[in-house]
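For reference, the structure is listed below as structure tokens.
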Amino acid sequence: MTITDTGSPPITTTTRTHVPAIEIVGTMRDRYDEILTPDAIAFLTELHHRFAGRRHDRLADRMRRRYEIGNGRDPRFRDDTAHIRQDAQWRVAGAGPGLEDRRVEITGPTDPKMTINALNSGAKVWLADQEDATSPTWRNVIEGQLSLRDAIRGELSFTSPEGKLYEVTAGETPTIVMRPRGWHLVEQHIRFIDRTGRALSASGSLVDFGLYFFHNATELIANGRGPYFYLAKLESSEEARLWDDIFTFSEDFTGIPHGTIRATVLIETLPAAFEMEEILFELRDHCAGLNAGRWDYIFSIIKNYRGRGARFVLPDRSEVTMTVPFMRAYTELLVKTCHKRGAFAIGGMSAFIPNRRDPEVTQRAFQKVAADKKREAGDGFDGTWVAHPDLIPVARAEFDAVLGERPNQVGRQRDDVEVTASDLLDVHIGLPVTSAGVKANVSVAIRYLEAWLRGLGAVAIDDLMEDAATAEISRSQVWQWIHQDRTTEDGTAITRDHVESLIAEVLGEVERRDGDRFADAADVFRDVALRDEFPAFLTLTAYSRFLVDAD
């Protein structure tokens, strides 16, 4: 029997078996051998041998679930797990050392400059993001690990090309919570050779988690913190159980006590919103809380209901705020669920950012962020995200006003909240799609993708912080508007031809420079917004085409 794996020669499966192995195919640059050590590779090999198959099973579950929703079967609270929701006794592990007060968390990529800025920011927590805020080039993946390794040991400094020296000067630095890539992403610069001899791309999740945990867990514990993680893009409690098993194995492998790892799960997909308690239950020995990942959640709504008719079509991206019905239902249910189980509820990131060269923009950003954080603190959230150091005092003031001297409000129960399945699916907003909104989506997506192709994962565009999640909203709305035959408020039909004309406009308006990637970005946008099929994630084919080293 012959099996052919894409990009690999045919192999023969007989009684012969192979020893599982990890093969590094990315370029080994300066200091990479400090991360890709023989012992670290052995650990990655064990992770893939034990858990890569289950990862594929969970991804198959996702495809089946999207198919069911697309064919008219709405998500619902599961009957087979009702006993978990009805059992009032169980609680999660809760905060680990250094996570008791999470009122303001700063998010950002892990390059040396951003790492130092985050550690000097004054935030309580830094979300060290290897996911949506990082373009997964081989350099960013491994050099991000080097930044984290050096920062945790107090050895990190950076000199910019202009000669400016960056160093960690804060007396008390934020607790680091690292976010590995989601289950759907692969790392093509690392191959896993399974027992049949097939060479498969490594899991981005296992690579990011495994390298960070292996090199830093004991050092973090010695520093009075711990190995803490944000888990992205989960869709089910079975995916949470997979992570919990990985945590337990990793603790046993390195000889640290069970429950040392703490995870905060982003509830940023529609299916996960129906399984919040089950996700907490499966991770209970390792769980600190949940986060309201607002931008990916909006994307998930569009993705799952993209073909279900006009009533599921959302208006301009700017009009889908946290106060629309389905977003209010989702966040209130999250707070209630977390506090019922002793877990932290962490709010999401407002996209508004200050502009130090424009006081008017900065003042508007401060006002928008203050209103957003006041609502979150009042709703019972224990902390929130910001994307810029200048926003930390603004967010902290709103949470200080509610928390006072308390580190959190986990004990505050939201018994007044009752959220039904229909509440979570109430996407009616009653506003039109505008011509300006369509062009804004095309423009933002192309400009973000251009930066992403150059290795930048978090980008300020039009005074908003854009990352992969916000770009996903932009392109998926365009796809849905085309396929649902939408027309703008001024009577313009949203067709492929119309969007092509907008792409040409955008390319004519952007500032071009030698070596820019706008032509490639426009091609990627066409691929994910204009073709008949809907790609599940815009980063998948773009990564394979453009970010994998040729050698």
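The values are calculated or read from the model by the stated rules, or taken from the named source; none is laboratory data. Worth saying up front: this structure is predicted, and the values here are computed from it rather than measured. All Cβ positions, even for glycine, are placed from backbone atoms using ideal geometry, and neighbour counts span all protein chains on display.
What's the number of the condition M28 fails, among (1) in a helix (DSSP H, G or I); (2) without any contact (Cβ under 8 Å) to a residue 24 or more places away in the chain? It fails just one condition, (1). Taking into account only those residues within the range 510-551 that are acidic (D, E) and in contact (Cβ under 8 Å) with a residue 40 or more places away in the chain, which is nearest to A436 (Cα to Cα)? Only one residue tops the list, namely D520.
The single residue among G26, G96, G108, G53 that is in the same structural domain as D129 (by TED's automatic domain parsing), more than 30 Å from A345 (Cβ to Cβ) and small (G, A, S) turns out to be G53.
Name the residues in the range 170-188 that are within 18 Å of the chain's Cα centre (by Cα) and not in a loop (DSSP other than H, G, I, E, B), would you? Within the range 170-188, I176, V177, M178, R179, V186, E187 qualify.
Return a yes/no flag: does the range 436-455 have any residue that is under 20 Å from the mean Cα position of the chain (by Cα), closer than 28 Å to G122 by Cβ and surrounded by fewer than 19 Cβ atoms within 10 Å (Cβ to Cβ). Scanning the range 436-455 turns up at least one residue that is under 20 Å from the mean Cα position of the chain (by Cα), closer than 28 Å to G122 by Cβ and surrounded by fewer than 19 Cβ atoms within 10 Å (Cβ to Cβ). Of note, S443 does not satisfy the criterion of being modelled with pLDDT of 95 or more and under 25 Å from I267 (Cβ atoms). None of E219, E251, E239 is surrounded by fewer than 21 Cβ atoms within 10 Å (Cβ to Cβ) and within 16 Å of C287 (Cα to Cα) except E251. Among the residues of the range 478-518, those identified as touching an Asp or Glu at 6+ places or on another chain (Cβ under 9 Å) and either farther than 24 Å from A310 by Cβ or surrounded by 14 or more Cβ atoms within 10 Å (Cβ to Cβ) (or both) are H483, I494, T495, V510, D516, R517, F518. For the range 522-550, filtering for residues that are surrounded by 16 or more Cβ atoms within 10 Å (Cβ to Cβ) and under 24 Å from T27 (Cβ atoms) leaves 7. Yes or no: the range 59-80 includes at least one residue that is among the acidic types (D, E), under 16 Å from R241 (Cβ atoms) and part of a helix (DSSP H, G or I). Yes, that holds for at least one residue.
Closer than 30 Å to P174 by Cβ, β-branched (V, I, T) and surrounded by fewer than 23 Cβ atoms within 10 Å (Cβ to Cβ): which single residue out of V459, V427 fits that description? So the residue among V459, V427 that is closer than 30 Å to P174 by Cβ, β-branched (V, I, T) and surrounded by fewer than 23 Cβ atoms within 10 Å (Cβ to Cβ) is V459. Checking the structure you have, find out if any residue of the range 462-469 is exposed (fewer than 15 other Cβ atoms within 10 Å of the Cβ) and within 26 Å of the chain's Cα centre (by Cα). The answer is yes, given that some residue of the range 462-469 is exposed (fewer than 15 other Cβ atoms within 10 Å of the Cβ) and within 26 Å of the chain's Cα centre (by Cα).
Is it the case, given these coordinates, that V92 is under 30 Å from K373 (Cβ atoms) and not hydroxyl-bearing (S, T, Y)? So V92 fits the description; yes. Selection of strands (runs of 3 or more DSSP E) fully inside the range 95-169 by the criterion of at least 1 residues being surrounded by fewer than 21 Cβ atoms within 10 Å (Cβ to Cβ), of a type in the set (A, V, I, L, M, F, W, C) and at pLDDT 95 or above returns 157-159, 165-167. Residues of the range 155-172 include none that is hydrophobic (A, V, I, L, M, F, W, C), farther than 23 Å from A469 by Cα and in contact (Cβ under 8 Å) with a residue 60 or more places away in the chain. Only residues that are within 14 Å of G182 (Cα to Cα) and among the hydroxyl-bearing types (S, T, Y) were counted in the range 530-542, giving 1.
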